[in-house]
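Written below as structure tokens is the structure these notes are about.
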Amino acid sequence: MKVVLLGYMASGKSTVGRLLARQLGMEFIDLDEYIEHDQKKSIKDIFSEKGEIFFRKLEHQMLKEVLEKDESIVLSTGGGTPCYGNNMDTILKQSEHSVYLNLSIPKLVDRISKEKEDRPLVRNISDEELPEFIGKHLFERRPYYLQAKHILDCNDANAETVTENIKELL
Ligand code: S3P
């Protein structure tokens, strides 16, 4: 079985994915970490040294590679993963469960403002501009996230509760 977690930056995909995999006895893969391991570089350095287009090509290849594995996997994607090329189609075809971790704009702004530094797409956005940036960005990305098999409201839930809620969907 493959379970793929989707959602905007800082929506809890990696934390929840790790917990879920542990509880289900499945392998956990974080796509960003998988890319960093392959390139022996941080996402931040890949963006600054090679640019976003290079990163998106890599992300596309690595997504296919991970979803072609035979093992049962919980996969946490990057916030942009489903929104480029045919990645969302690949996710829908190659996984039994895709789950969108849905969080409101104010919640995302609050979380992202505290951890902007390692996120190349937002690190140069000022705190004043962040709500408008995230609002517009989410507007563009939501049509992709909403194609997920399951949509989970995560606004009033901690990682443990979100994990329990996902287990009920499987
Ligand atoms: C990105 C999200 C990041 C990472 C990269 C691009 C995006 O992952 O893949 O910085 O386009 O939203 P997280 O969602 O884990 O922050």
So, residue 73, is that one within 19 Å of residue 133 (Cβ to Cβ) and hydrophobic (A, V, I, L, M, F, W, C) or not?
no
Being of a type in the set (A, V, I, L, M), within 16 Å of the ligand (Cβ to nearest atom) and either farther than 23 Å from residue 85 by Cβ or in a helix (DSSP H, G or I) (or both) is the requirement here; does residue 162 meet it?
yes
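Yes/no per residue for (1) on the phi < 0 side of the Ramachandran plot; (2) at pLDDT below 95; (3) surrounded by 13 or more Cβ atoms within 10 Å (Cβ to Cβ):
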| site | (1), (2), (3) |
| --- | --- |
| 10 | no, no, yes |
| 16 | yes, no, yes |
| 25 | no, no, no |
| 33 | yes, no, yes |
| 36 | yes, no, yes |
| 40 | no, no, no |
| 49 | yes, no, no |
| 52 | yes, no, yes |
| 67 | yes, no, yes |
Considering only helices (runs of 4 or more DSSP H) fully contained in region 1-104, which possess at least 1 residues that are free of Cβ contacts under 8 Å to residues at least 12 places away in the same chain and farther than 22 Å from residue 167 by Cα?
31-39, 43-50, 52-67, 87-94
Testing residue 169 on (1) surrounded by 13 or more Cβ atoms within 10 Å (Cβ to Cβ); (2) under 29 Å from residue 86 (Cβ atoms); (3) modelled with pLDDT of 95 or more, one condition comes back false. Which one is that?
(1)
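Residues are listed down the side, and each one gets a yes or a no for (1) surrounded by fewer than 16 Cβ atoms within 10 Å (Cβ to Cβ); (2) at positive phi:
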| position | (1), (2) |
| --- | --- |
| 59 | no, no |
| 70 | yes, no |
| 75 | no, no |
| 85 | yes, yes |
| 92 | yes, no |
| 101 | no, no |
| 109 | no, no |
| 122 | no, no |
| 152 | no, no |
Would you call residue 113 of a type in the set (Ser, Thr, Tyr), over 15 Å from the mean Cα position of the chain (by Cα) and within 16 Å of the ligand (Cβ to nearest atom)?
yes
Exactly one of 138, 130 is surrounded by 16 or more Cβ atoms within 10 Å (Cβ to Cβ), among the aliphatic types (A, V, I, L, M), farther than 28 Å from residue 26 by Cα and without any contact (Cβ under 8 Å) to a residue 24 or more places away in the chain, and that one is 130
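The values are calculated or read from the model by the stated rules, or taken from the named source; none is laboratory data. The model shown is predicted, which means the values in this text are computed figures rather than measured ones. Heads up, the Cβs are rebuilt from the backbone with ideal geometry, glycines too, and the neighbour counts pull from every protein chain shown.
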